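Data first, discussion second: the structure below is written as structure tokens.
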Amino acid sequence: MTNLTAAASVLRNEPQEKSNLSSITEVIATKSQEFQEQKAQMEKENKLRQNMASIMAALKAERKSQGLKQNQLAKLAGVSPAVVSAAECRLCVSLDRLLKIAGALGKQISIN
């Protein structure tokens, strides 16, 4: 009788188990979509960081090729020497300030 009782219990709970399984499947699908969106966003941010690092390195190389010191470039660009230093160390510098530095070097930054 124990096996018969257990089988009857499983049959009574089957709709609930299917509902739970459906809910779990929906959660997994939602989380998978969220993960893919976060991954895509992280890839975009990484590409932006790489592009900014390349710009900053190019500005430093240009400054040196023109024989300018950081404080001289800062004066020409209308920014503080700390901003020029931060840009060359690839620290967080606003695009506006990078444009000023580039302009002082006779260069332009284009964003596609």
Residue among Ala77, Ala87 that alone is surrounded by 13 or more Cβ atoms within 10 Å (Cβ to Cβ), modelled with pLDDT of 95 or more, within 29 Å of the chain's Cα centre (by Cα) and not β-branched (Val, Ile, Thr): Ala77
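Just checking, which of Leu59, Leu68 is in a helix (DSSP H, G or I) and touching a Leu at 6+ places or on another chain (Cβ under 9 Å)? Explain how you work it out, then say what you get.
Details: Leu68 fails: in a helix (DSSP H, G or I).
Only one candidate passes the filter, namely Leu59.
The values are calculated or read from the model by the stated rules, or taken from the named source; none is laboratory data. Note that this is a predicted model, so its numbers are computed, not measured. Backbone-built Cβ (ideal geometry, glycine too); neighbour counts: all protein chains shown.
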